[in-house]
Amino acid sequence: MMRKVYIAVVVLGLAAIVTQHLSSPSSGRAVSPEDFAGACAPCGAPCPSKK
Amino acid sequence: MSTASLAAPRSGAAARFDLLFLALALGASAILVALTLLDGAPASAALIVGGFGLGVAFLKAEFSYTASWRRFLTRGEAGGLLGGLIVIAVTALAVVPVAALAPKFGGAIAPLGPSLIVGAFVFGIGMQLANGCGSGTLYTVGGGSGRMLIALLFFCIGSVFGSLSLPSFLALGGIDPVLASDYLGPWGGLAATLASIALAAGLIVLVARRRGADYRPSRNYVIGGVAIGLLCVFVFAAGGHPWSVTFGYTVWGAKAASALGFDLSQAPFWQWAGPKHALESSVLSDTSSLTDFGMLFGAMAAAAAGKPFAANAWPPLKSLIAAGVGGLLMGWGARLGFGCNIGAFVGGVASGSLHGWVWFAAALPGCLIGIRLRPLFGLSRD
């Protein structure tokens, strides 16, 4: 039973990733939220001093 | 053809490897690498490969932050915690100086304040209930644990709620990141970072010895710690920032919520430049998601190469509920605490950022509460 669940999760998950990738804009090089100006944390949150 | 018949020929009672899941893991990884290369993004392909290596290393070394922290808190055993510090020390050797000297690279930094402390504390509770942290959830899901599939699902849901809560918690106040290299320069910052790791190791050994417990890391944790540290350096070289796990979960959860009709684009968190870009772009444009996918399939390949995959029965309902509750708490806590054991603790300390140690100090008492809650769900305190 668990194997079947895993097969479904992997196949559906991979299909979702590929579909989402092909239907979304891609900037080429992958980026992290930290790459954007004003980011003060790995999630892109601003610095307290900027408020 | 049944799934069982797709497994490799059996030798005696046990199959030596699981051909179906080995092929699934390798095939899925190859597809994702091909998609990134078609986009002209070799660094993205490298992040998937780095994540794959991390999945193999974590699974083979059975490297667990959650169990290590629990053994330290309940029995005083320090070997696992010291193994985790080996990872940080190896990573810091590259991250602190390179992030300070090379403009295209940056460390994992975060503000200090109530959000960090509350988030790390709640994450600590969640990781003991789920029995896995950010990286642990990934490699155990990849390794065939159906229980951790539940934890991952709720981790994603919790992190979306966390993304909605974070701006309110940041409004409570805080101070800007404190980075050792900003005050001491790249090499002074590295020396201070390594000294802080040595001091922490000394204190941990002292506690273990006072409790009469073993403090020596196992061979697995020493070799695994060095290997994982080197892979962290590889991911840093490919992505430009230290390895992080949980932002990917937030992106997956938000994209799923958007597909279900929930509009998150007006929420303050999703209007910040980085999250906004991640929500609008391909999931393969997010560095965290790339290493996450690689790690999942790396652990799956390593698990399937050694024995039949996902052959265990589902655990009791109470254990599944603990996984769900733990996942929710970890997801929410990871967003408020600026990451998990990897993004906040390993990445933060290895960058010479004070928030990494604050995260550790706040998550540890959370773990203590999580350990006390484990028997409610039929889980042992050990």
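The values are calculated or read from the model by the stated rules, or taken from the named source; none is laboratory data. Treat the numbers as computed from the prediction; the structure is a model and nothing was measured. No Cβ is skipped: glycine too gets one built from the backbone with ideal geometry, and neighbour counts run over all protein chains shown.
Taken over the range B:202-220, the criterion of being part of a loop (DSSP other than H, G, I, E, B) and either of a type outside the set (A, V, I, L, M, F, W, C) or under 25 Å from the mean Cα position of the chain (by Cα) (or both) is satisfied by B:ARG211, B:GLY212, B:ASP214, B:TYR215, B:ARG216, B:PRO217, B:SER218. Apart from one condition, B:SER244 fits all of (1) assigned to a helix (DSSP H, G or I); (2) surrounded by 24 or more Cβ atoms within 10 Å (Cβ to Cβ); (3) small (Gly, Ala, Ser); the exception is (1). Within the range B:72-87, residues that are basic (Lys, Arg) reach partners that are in a loop (DSSP other than H, G, I, E, B) with beta carbons closer than 6 Å, at six or more positions or on different chains, in the pairs B:ARG75/B:ALA213.
Only a single criterion out of (1) surrounded by 21 or more Cβ atoms within 10 Å (Cβ to Cβ); (2) more than 8 Å from chain A (Cβ to nearest Cβ); (3) part of a helix (DSSP H, G or I) is not satisfied by B:ALA237, namely (1).
For the range B:273-283, the condition of being part of a helix (DSSP H, G or I), under 19 Å from the mean Cα position of the chain (by Cα), surrounded by 16 or more Cβ atoms within 10 Å (Cβ to Cβ) and away from chain A (no Cβ under 13 Å) holds for none of the residues. Exactly one residue out of B:GLY339, B:GLY347, B:GLY324 is outside any helix (DSSP H, G or I) and under 19 Å from the mean Cα position of the chain (by Cα): that is B:GLY339. If you scan the range B:361-381, which residues turn out to be within 28 Å of B:PRO242 (Cα to Cα) and surrounded by fewer than 21 Cβ atoms within 10 Å (Cβ to Cβ)? Within the range B:361-381, B:ALA361, B:LEU364, B:PRO365, B:LEU368 meet the criteria.
Restricting the range B:29-45 to residues that are part of a helix (DSSP H, G or I) and in contact (Cβ under 8 Å) with a residue 12 or more places away in the chain, the residue that is surrounded by the most Cβ atoms within 10 Å (Cβ to Cβ) is B:SER44. Scan the range A:11-34 and give yes if some residue there is surrounded by fewer than 16 Cβ atoms within 10 Å (Cβ to Cβ), on the phi > 0 side of the Ramachandran plot and touching a residue at least 12 places away in the same chain (Cβ under 8 Å), otherwise no. Checked against the condition, which is being surrounded by fewer than 16 Cβ atoms within 10 Å (Cβ to Cβ), on the phi > 0 side of the Ramachandran plot and touching a residue at least 12 places away in the same chain (Cβ under 8 Å), the range A:11-34 yields no hits at all. Quick check, is B:ALA302 of a type in the set (Gly, Ala, Ser), surrounded by fewer than 24 Cβ atoms within 10 Å (Cβ to Cβ) and either under 22 Å from the mean Cα position of the chain (by Cα) or modelled with pLDDT of 95 or more (or both)? Criteria met by B:ALA302.
Say whether the condition of being closer than 30 Å to B:LEU93 by Cα, in a loop (DSSP other than H, G, I, E, B), in contact with a Gly (Cβ under 6 Å, 6 or more places away or on another chain) and within 14 Å of another protein chain (Cβ to nearest Cβ) is met by at least one residue in the range B:308-321. No, the conditions are met nowhere in the range B:308-321.
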